[in-house]
Amino acid sequence: MPPDKAKEKKQEKKLEWQALEHAYYEKTSDWYWIVGVVGVTASLLAFLFSNAILGLLLLVGTITVLIHGGRIPGVVKVELQERGVRIGSAFYPYSNLTAFSLNEEHDPLILVLDCKAFLTPDIRIFIEEVAVEDIRDFLLDHLDEKYHEPSLAEGLIHYLGF
C-alpha cells in the first residue's frame, strides 16, 4: 500500500466522547416497595386463576425491574465514524440506521438514532462533551435528520422513573 493511502486510512474522520449507558433516577424505598407489591400481587393472582406460566413470568419480570431500577449506569465510549456508530463494543453501520435527531430540550442533550432492526427501534445516546453542531454536521453526511416523536411507552418509562 502506498504511504499516502496508509496515511489517509489512519486519518479517518470521527467524533468521539464518553456518555452514560442510560439515564439514572434516584429511587426511594417506596418505589421498590410499590413495584414489588404490585408485581407479587399480579403474580399471585395469575397463580390463583391457574395460570402458572404467567405467574412465573410476572415474578421474573418484577425481579428484573427491581434489579435494573437500582443499577447505576456505566460510562461508554461513543464514536461517530465514517462507516457507522460505535457505542462501547456495539457497532451500528449507517446501512442499518434510517435517520437521526437531536433532542436539545433534554438535559443532557440526547442523540436519537432510528434503527431498522425490529427489536431496536431507536438508540439514545447522551451528549455531554461535544458540540451539537459538530454532531449534526458529521451525521448529515451519512443520515437524514428527522424529528423523533416520543412514543407513549417512552413517556410512561420516564414517568415511572426509569
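Rule-based calculations on the coordinates, nothing more; no lab input. Given the structure is predicted, the values throughout are model-derived calculations rather than measurements. Using ideal geometry, Cβ is built from the backbone for each residue, glycine included, and neighbour counts are taken over all protein chains shown.
For the reader, a short list of remarks on this structure follows.
- Long-range HN-HN contacts of Ile127 with modeled amide H, under 5 Å: Leu109, Ile110, Leu111
- Computed [θ] at 222 nm, helices only, for the chain once each DSSP H run of length n ≥ 4 contributes -39500 (n - 2.57): -12500 deg cm²/dmol
- In this simple spin-label model, placing a label point 7 Å from the Cα along the Cα-to-Cβ direction at both Ile72 and Phe49 gives a separation of 4.1 nm.
- Tensor-based shape of region 29-70 (alpha-carbon gyration tensor, a/c under 1.5 rounded, otherwise prolate or oblate): oblate
- Here the relative contact order of region 29-70, from alpha carbon pairs under 8 Å that lie six or more residues apart, stands at 41 percent.
- Computed log₁₀ I(q)/I(0) - Debye formula, equal Cα scatterers, no solvent, the chain, q 0.16, 0.19 Å⁻¹: -1.01, -1.22
- Label-to-label distance, nm, for residues given as Asp137 and Ser95 (7 Å Cα→Cβ offset): 2.9
- Inter-label distance for Glu128 and His22, nm, one decimal - labels placed 7 Å from Cα along Cα-to-Cβ: 1.7
- Kyte-Doolittle mean at least 0.0, axial Cα span of 18 Å or more - DSSP H helices of the chain: 29-48, 52-70
- Note on region 41-104: percent of Cα-Cα distances in each 10 Å bin, starting at 0 and stopping at the bin with the largest distance, equals 18, 24, 20, 22, 15, 1.
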